[in-house]
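Worksheet: one structure, shown below.
We did not get these values from a lab; they are worked out from the coordinates using the rules stated. Note that the structure is predicted; figures quoted are calculated from it, not measured. Cβ placement follows ideal geometry from the backbone for every residue including glycine, while neighbour counts extend to all protein chains displayed.
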């Protein structure tokens, strides 16, 4: 299973109070509605089936208007399924259905059953949370286009939705502000439900959950931050392996998967895949419209005006220059600022943004190296690693030794053995004339032998460390012991280098 855990634009200018409020509202609503809705949906499905079965068995029976509408929609959208209910010798679904199929019902019993079912249906429509607030494609209400986005079918449904909301929503709230962002969220949710209803007009399966609205946020994220690296975790054999993928790759791939499963399953599949697809598409389109109409820029300037009192004057000036599409002037302003304040993370982040706008790859490499250094000094190693990934993407070759080694150790602490070995090897190669290259080779050898079980690679690293002209007496014993273990592994039957 692969899940997103972070992205490199996670930091915002303000606390994401709207996103927090939406999450809190979803959790509170879930706690107060979940158990009641589960019971109601079971009862409703039973009543609906009994009415359908009764109408199929006695087609001339006069049903009340609401029941008649329901039966007509079902007959139109699920004609083949309804035909199976008309078969007189079909297999009964429950005791009530068995009694119906027995054919022993008199007019009096039939009338009594009709009254009972009609009363149950009216009570359900009048009192039920599931009927009044979930979204029913065959009978949608104006309120349900909004309320269904705050109902969830289970704990996992809620938790995953809220996590995706946090990842995508916080950065969009920071970009669009606390008025445009919640409107965007609700509109995407409503359009996603409408899209689902357009495909499954006669579905009797109620739709609940924020998935459509959150898919809209993901579409907006792709349109707004296509190059942002999203950090993913792959759970395999009870271990998490972390890696980063740009939004323009992973989000379209997610959309393709939703389209595939939507095509493979119907409305009764349990997941509203087409609501995801519709929400994503509408979200991306609306995000583009926000940009081309200038609404996004206006919101960004309004936010900067509110938070600029906490920022240094050069950063505020650079923000204004970027808003005026003067990226070159913004770069010059920020370069002077970080020269005067070398430890300003905000200054370096804004400088990176300006350099990206100005297509200044050389400048980006230097700024990303500084952001790696500053993040490591703050102990934020996950962020430092994300900056390092960007650093390599733009052609960065080597970091300061202390920063690079700390990132290697970070990978090792997180049990990312493969990547740790690669980075230790790269570090040793790029710093071959420095004493630090020897312990890096030994670390790579230790990981290859003990964690990756690749004795040939371990032996190669140990031999390179042993052959180094740089002083390494303190590591000599460990190197010799490692070479002995590699030799023993080579002699063991079934291992590399064994006689055949």
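Side notes on the structure shown:
- As a proxy for reagent exposure, 256, 288 were ordered by neighbouring Cβ count within 10 angstrom, fewest first; the result is 256, 288.
- Inter-label distance for residue 102 and residue 125, nm, one decimal - labels placed 7 Å from Cα along Cα-to-Cβ: 3.1 nm
- Taking the helices alone, the chain has a mean residue ellipticity at 222 nm of -23000 deg cm²/dmol, built from -39,500 (n - 2.57) per DSSP H run of at least 4 residues and averaged over all its residues.
- Length-normalised contact order of the chain in % [C-alpha pairs under 8 Å, at least 6 apart]: 12 percent
- Sequence of 282, 240, 124, 200 once ranked by neighbouring C-beta atoms within 10 Å, starting from the fewest: 240, 124, 200, 282
- In degrees, nearest ten, helix 401-413 long axis to first principal axis of the chain (Cα): 40 degrees
- Centre-to-centre, using Cα atoms only, the stretch 49-74 and the stretch 322-338 are separated by 70 Å.
- Among (1) 31.0, 103; (2) 23.0, 74; (3) 21.1, 66, the entry derived from the coordinates for Rg and Dmax of the Cα atoms in Å: (1)
- Rounded to the nearest 10 degrees, the angle from helix 381-393 to the longest Cα principal axis of the chain is 80 degrees.
- Cα centroids of the stretch 170-206 and the stretch 210-258: 18 Å apart.
- 0 to 90° range, to nearest 10: angle between helix 455-467 axis and the chain longest Cα axis: 20 degrees
- Using the empirical formula 2.2 N^0.38 Å as the baseline, the Cα radius of gyration of the stretch 15-69 reaches a ratio of 1.92.
- Shape analysis of the stretch 398-495 places it in the oblate category; the axes a ≥ b ≥ c from the Cα gyration tensor give an a/c of at least 1.5, with a/b not above b/c.
- Listing 410, 276 from fewest to most neighbouring C-beta atoms within 10 Å gives 410, 276.
- Modelled FRET efficiency - R0 45 Å, residue 488 with residue 163, Cβ distances, 0.05 increments: 0.45
- For the stretch 311-389: rounded, prolate or oblate by the Cα gyration tensor [a/c cutoff 1.5]: prolate
- Share antiparallel - DSSP beta bridges, the chain, percent rounded to 5: 100 percent
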